[in-house]
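The structure appears below as structure tokens.
Each value in this text was obtained by applying a stated rule to the coordinates, not by laboratory testing. Since the structure is predicted, the reported quantities are computational estimates derived from the model, not experimental observations. Cβ placement follows ideal geometry from the backbone for every residue including glycine, while neighbour counts extend to all protein chains displayed.
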Amino acid sequence: MRTYELYSIKEPFWAHYGARPEMIGGLLKEFKYKEHVYYKEIEKQVRYITNLVPVLEVREYLRDGFAGLPRFRVFMRGSLLVCQQNGSEAALCMNDHLMILHANGPYKIEHLVLKLLATYDSRYFITNSENGHYNWLKSPVEEQRKFG
């Protein structure tokens, strides 16, 4: 099972740290260790730079995104959304400042969920604690090149 954590970063921090994902990635990496000496301060910083997850809006957006696709099954219950297709499954659990995506099987569904989330809001920062990878769903540098 693959697990990803997604955070919606507030606009000023997204614009300032867009070209330096290691700054936000390092903070979020430390945030995962509750035994950290400075955990309370780190938690305050993470809450300060992240937006609240608009659970209902995200659910509706993803549901509409999957609606036109054949052979996809989508289940929703509260802040949990589960998508299935041909032995592949992705479950997205939404909390206040964090979304967690669990995926099994081929990468197609998780790729589609992440692509839909990136079109919903380009300021999502994704981490994968299994292998230590992190980055923006859409690079702010690429966004600035398009519009700059």
Q: List the residues of the range 33-64 whose backbone N lies under 16 Å from a point placed 7 Å from the Cα of Ser79 along the Cα-to-Cβ direction.
A: 47-48, 50-60
Q) What is the extension gain from Asn128 to Met1, computed as 0.36 nm multiplied by their sequence separation minus the C-alpha to C-alpha distance, in nm to one decimal? A) 44.6 nm
Q: Keeping to pairs on different chains or 8 or more places apart, tell me how many lysine pairs in the range 2-147 have Cα atoms under 19 Å apart.
A: 12
**Q.** Order of Lys108, Lys138 - criterion: other Cβ atoms within 10 Å of each residue's Cβ, fewest first
**A.** Lys108, Lys138
Q) With Cβ to Cβ distances under 12 Å as the rule, what net charge do the other residues near Tyr4 carry (K, R +1; D, E -1)? A) -2
Q) Length gain on complete extension for the stretch His111 to Tyr61, per 0.36 nm per residue less the alpha carbon to alpha carbon distance? A) 16.4 nm
Q.
Report the Rg/Rh value for the chain, based on alpha-carbon coordinates and the Kirkwood definition of Rh.
A. 0.97
